[in-house]
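J.: The structure follows.
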């Protein structure tokens with residue numbers, strides 16, 4: 001099966017310096033950098049960050065919108081020396097509260113035109129650092145706290161704020177759907193993964209779910225918090241980060257087959273990731289029976305029964321030509337998918353055919369009983385011993401729970 005890419009090892013999970021020396025690249029329009037005259041790129045200026053400061057982006061539209069003000073007081077000295085007016089800074093969007101991304105907002109507040117006017121709005125996630133919020137409020141600057149899901153506007157350009165916790169609890173990405181541009185903060189970086197900062201609410205599983213969410217977006221250009229902006233290949237960078245995260249979730253080092261990865265992921269209940277591994281294999285090896293089998297299992301467990309039936313048909317066609325697939329698995333999977341689609345008679349036909357050949361298949365007996373029960377034939381379902389035991393066991397468990405709850409309520413002191 002197609003292997004996941006070679007892991008960068010544990011170092012990929014560490015926040016390492018991006019450049020050992022301060023960046024010397026001056027403020028640059030992204031349209032010049034990318035040689036792309038898309039409106040948003042033409043209106044966005046970029047300054048590369050270094051050790052103690054993130055990349056800084058400024059969108060010139062209805063006033064100036066700063067995306068991650070960084071942590072470098074010289075950055076805005078250079079910027080305003082280009083002829084931009086501090087009074088035009090209307091918004092500062094902060095992708096997360098780490099000092100290398102956020103402290104520049106306090107530098108901006110030192111400019112007389114900004115401080116006296118007091119209208120520069122800082123926008124950050126509600127889970128951002130309390131100290132940062134307090135500092136901004138003490139400076140008399142308006143602060144807007146968001147949750148993710150909001151649309152932020154620079155004027156002409158509308159960007160979606162996407163909550164992407166994992167590196168920190170308050171991480172957000174900003175996505176311009178019309179151009180496929182993603183300001184990714186530290187959620188996605190071109191050189192590897194950002195380590196979760198536990199002190200800021202970072203969690204590895206949250207980062208996985210955030211990458212999963214970003215994977216669904218048609219991203220073209222990636223504008224990260226560190227490292228060089230990525231032209232056209234933003235989607236591939238997100239995929240590489242997602243696959244690296246999968247390997248960390250299963251503790252894999254070096255190359256690992258998608259089949260091995262998928263089985264570990266299924267055991268952890270990460271069906272979306274297991275399905276991703278199977279689909280990746282099938283992109284390169286459409287006739288891989290093991291990948292198709294994993295795909296069927298995942299789709300059934302995820303309740304995507306129409307897709308499961310299509311995958312079962314593919315596997316059946318493959319089995320007819322090379323006899324690699326397990327016929328019991330195939331017919332059970334088909335029956336289960338049909339049951340999920342409420343096509344109970346067809347499901348029962350599949351289960352009955354299997355049980356005529358091998359009456360001892362307890363899983364199939366259970367599925368048959370479930371199909372009978374769901375179709376309204378409860379008495380017939382309870383005639384099947386394995387289902388009766390399961391049904392009675394669960395019923396007994398519920399009775400005991402209710403009795404215990406009633407006992408506790410009668411023993412509790414009255415108020």
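J.: Fewest to most neighbouring Cβ within 10 Å: what's the order for 220, 210?
T.: Starting with the residue having the fewest Cβ neighbours, the order is 220, 210.
J.: Specify, per residue and in Å³, the volume enclosed by the convex hull of the alpha carbon atoms belonging to the chain. Numbers along the way, then the final one.
T.: Details: hull volume 84.8 nm³, N = 415.
Convex hull of Cα atoms, per residue: 204 Å³.
J.: Also, I was wondering about something else. With springs only between Cα atoms under 10 Å, which of 55, 71, 358 fluctuates most in a Gaussian network model of the chain?
T.: Taking springs between Cα atoms under 10 Å, the residue moving most is 358.
J.: What ranking do 111, 57 get, fewest neighbouring Cβ atoms within 10 angstrom at the top?
T.: 111, 57
J.: Right, here's the next one. Provide the packing ranking of 156-163, 47-54, i.e. peptides ordered by the mean count of other C-beta atoms within 10 Å per residue, highest first. The partial results should precede the final answer.
T.: Details: 156-163: 18.4, 47-54: 22.0.
Per-residue mean Cβ counts within 10 Å order the peptides as 47-54, 156-163.
J.: Please compute the Kirkwood hydrodynamic radius over the range 60-216, one decimal place, Å, based on all pairs of different Cα atoms.
T.: 16.0 Å
J.: Can you bin every Cα-Cα distance in the range 326-396 into 5 Å intervals starting at zero and give me the percent of pairs per bin, rounded to whole numbers?
T.: The calculated distribution, bin by bin, is 4, 19, 29, 25, 16, 6, 1, 0.
J.: Something else now. Which whole-angstrom value gives the distance between the alpha carbon centres of the range 168-211 and the range 115-147?
T.: Centre-to-centre distance over Cα atoms comes out at 21 Å.
J.: Could you line up 93, 228 from fewest to most neighbouring Cβ atoms inside 10 Å?
T.: Listing 93, 228 from fewest to most nearby Cβ atoms yields 228, 93.
J.: Would you calculate, for the chain, the mean residue ellipticity at 222 nm contributed by helices, counting each DSSP H stretch of 4 or more residues as -39,500 (n - 2.57) and dividing by all residues, to the nearest 500?
T.: -14500 deg cm²/dmol
J.: Would you kindly calculate the translational diffusion coefficient of the range 92-172, applying Stokes-Einstein with the Kirkwood radius from alpha carbon pairs, for 25 °C and a viscosity of 0.890 mPa s, and quote it in µm² s⁻¹ without decimals?
T.: This corresponds to a translational diffusion coefficient of 188 µm²/s.
J.: Write down the percent of antiparallel bridges among all DSSP beta bridges whose residues are both part of the chain, to the nearest 5. Before the final figure, lay out the partial values.
T.: Values: 26 of 41 bridges.
The antiparallel fraction comes to roughly 65 percent.
J.: If packing is taken as the average count of other Cβ atoms within 10 Å, what order do 329-341, 309-321 fall into, highest mean first?
T.: Answer by packing, highest mean first, reads 329-341, 309-321.
J.: Right, here's the next one. Counting DSSP beta bridges with both partners in the range 14-249, what percentage is antiparallel, nearest 5?
T.: Given both bridge residues lie in the range 14-249, the antiparallel proportion sits at roughly 60 percent.
J.: Sticking with this structure for a sec: Please give the peptides 295-305, 27-37 ranked by average Cβ packing (other Cβ atoms within 10 Å per residue), highest first, as a rough proxy for protection.
T.: In descending order of packing, they fall as 295-305, 27-37.
FYI, it's all coordinate maths here, none of it is from the lab. Small disclaimer: the values here were computed from a predicted structure and weren't measured. Neighbour counts run over all protein chains shown; Cβ positions are idealised from the backbone, glycine included.
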